[in-house]
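Visitor: After the C-alpha cells below, expect a handful of questions from me.
The values are calculated or read from the model by the stated rules, or taken from the named source; none is laboratory data. Values in this document were obtained by computation on a predicted structure and should not be read as measured data. When we count neighbours, we look across all protein chains shown, and the Cβ atoms used for this are built from the backbone with ideal geometry, even at glycine.
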Amino acid sequence: MLMKTISPVTPRLWFLLVGTLLAASLVRAAEDQLIERALFKAGKVLYVQGGRTSEATNDFAVGKNISVFTNGTFVVLNGRARPFREGDALSADGTLIGADGSIVPVADHIIMKNGKPTLVLNGESTVLTKLYHLADGTSILPDATVIAPGGLRSRLLDGELRRLDGTSLAVKDSISLQGGKVVLQKDGSPMTVQPGQSVMMSDGTKVFGNGTVLKADGTRLTLKEGEILPVEGVVPRKR
C-alpha cells in the first residue's frame, strides 16, 4: 500500500500562514468596530470610529436605526431624510448635538417644551392641540395631563421626553460658551446666563455667567469658547 508523504511546514511557511490569519483577523475586527458618531463640518460628513475621525466616502450606519449619507443627510428607520446643520454631531445612541448646544433625540417623541406638549416627528415639531395616544395606551392631553392605561393621571414635567411607544427617554441638557456668552439648554429650552447671575441645572451643576461651572461633586471648571458640556436633565418619573 502506497503512503503519501506530507511535506513538513517550514518556518517560513508557518510565519506566512500566521501572518495571513492575523491580517484577516485585524480586517474583520476593523469592519466589526462600530462607528461612534457622525459629524458635519465645513460641508463634509465625517465619522468617528475607534477614536479616529475620517471623512466619509460611502454611506454608513450609526447605531442600529440611523443611516448617514455623504450628501449631508441622515434617515432614522424608514423616515424622511433630514439635513445636518453645520457643527452637528450625531451619536450612536441617537442623540443629535448641535453647535448651538441643543441636544435632542432623533427618534420620534413627545417633549414638554415651554409648558406645552410638543410632538416631534422626523425632526419637525408640532404643539399638541388634541388628545394623543401612545402605543402603550397612554394618552397625553394638550394641557400636559398624562393618563396612564390604568386611568392614573399625572402631568408632564418641563423637558420630559416620551417615546411614542410610551417609554420615557433620558433627558440631556447642555452648558456652552458661545460668543463669550454662557448658553444653556435646560428643560428643553435655550437660555443665556448673564454676568453676575447663576443657574442650577437639574443634576445639581451650578453655572455662573462668567463661564465657571461647579459640578455637583465639587469639580470646578471654566468653559472654553465653543465648548459644549452635556449634563443630565430632568429625571423621568418612575412609572
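Visitor: Return the total of residues in the stretch 147-167 being crowded, with 16+ Cβ neighbours inside 10 Å and either without any contact (Cβ under 8 Å) to a residue 12 or more places away in the chain or not aliphatic (A, V, I, L, M) (or both).
Guide: Looking only at that region, the number is 7.
Visitor: Something else about it: With respect to L119, determine if the residue is touching a strand residue (DSSP E or B) at 6+ places or on another chain (Cβ under 8 Å) and free of Cβ contacts under 8 Å to residues at least 12 places away in the same chain.
Guide: no
Visitor: If you don't mind, there's one more thing I want to ask. Out of A144, A107, report the one residue that is surrounded by 12 or more Cβ atoms within 10 Å (Cβ to Cβ), among the aliphatic types (A, V, I, L, M) and in contact (Cβ under 8 Å) with a residue 40 or more places away in the chain.
Guide: Step by step, each of A144, A107 is checked, and only A107 is surrounded by 12 or more Cβ atoms within 10 Å (Cβ to Cβ), among the aliphatic types (A, V, I, L, M) and in contact (Cβ under 8 Å) with a residue 40 or more places away in the chain.
Visitor: Out of all the residues in the stretch 180-193, is one or more without any contact (Cβ under 8 Å) to a residue 24 or more places away in the chain and not in a strand (DSSP E or B)? Reasoning before the result, please.
Guide: Here is the first cut: in the stretch 180-193, the ones without any contact (Cβ under 8 Å) to a residue 24 or more places away in the chain are 181, 191-193.
Adding the requirement that they be not in a strand (DSSP E or B) leaves none.
Scanning the stretch 180-193, I find no residue that is without any contact (Cβ under 8 Å) to a residue 24 or more places away in the chain and not in a strand (DSSP E or B), so the answer is no.
Visitor: For K64, are the conditions met, namely being in a loop (DSSP other than H, G, I, E, B), loosely packed, with under 13 Cβ neighbours inside 10 Å, at pLDDT below 95 and not β-branched (V, I, T)?
Guide: When the stated conditions are applied, K64 passes them.
Visitor: Identify all residues within the stretch 135-169 that are at pLDDT below 90 and outside any loop (DSSP other than H, G, I, E, B); write none if there are none.
Guide: S168, L169 - these are the residues of the stretch 135-169 that are at pLDDT below 90 and outside any loop (DSSP other than H, G, I, E, B).
Visitor: I'd like the full set of residues that are exposed (fewer than 14 other Cβ atoms within 10 Å of the Cβ) and over 21 Å from the mean Cα position of the chain (by Cα), limited to the stretch 182-203.
Guide: T192, Q194, P195, G196, Q197, M200
Visitor: Related question: Regarding L223, is this residue within 27 Å of I110 (Cβ to Cβ) and in contact (Cβ under 8 Å) with a residue 40 or more places away in the chain?
Guide: So L223 does not fit the description; no.
Visitor: If the requirement is being over 17 Å from the mean Cα position of the chain (by Cα), part of a loop (DSSP other than H, G, I, E, B), of a type in the set (S, T, Y) and modelled with pLDDT of 95 or more, which of these qualifies: T118, T129?
Guide: Criteria check complete, one pass: T129.
Visitor: What's the total number of residues in the stretch 170-179 that are in a loop (DSSP other than H, G, I, E, B) and modelled with pLDDT under 90?
Guide: Initially, the stretch 170-179 is screened for residues in a loop (DSSP other than H, G, I, E, B), giving 170-171, 179.
Going one step further and asking which of them are modelled with pLDDT under 90, we end up with 170-171.
Of the residues in that region, 2 qualify.
Visitor: While we're looking at this one, here's another question. Over 24 Å from N122 (Cβ atoms) and in contact with a Gly (Cβ under 9 Å, 6 or more places away or on another chain): is that true of V199 in this structure?
Guide: Taking the combined requirement at face value, the residue satisfies it.
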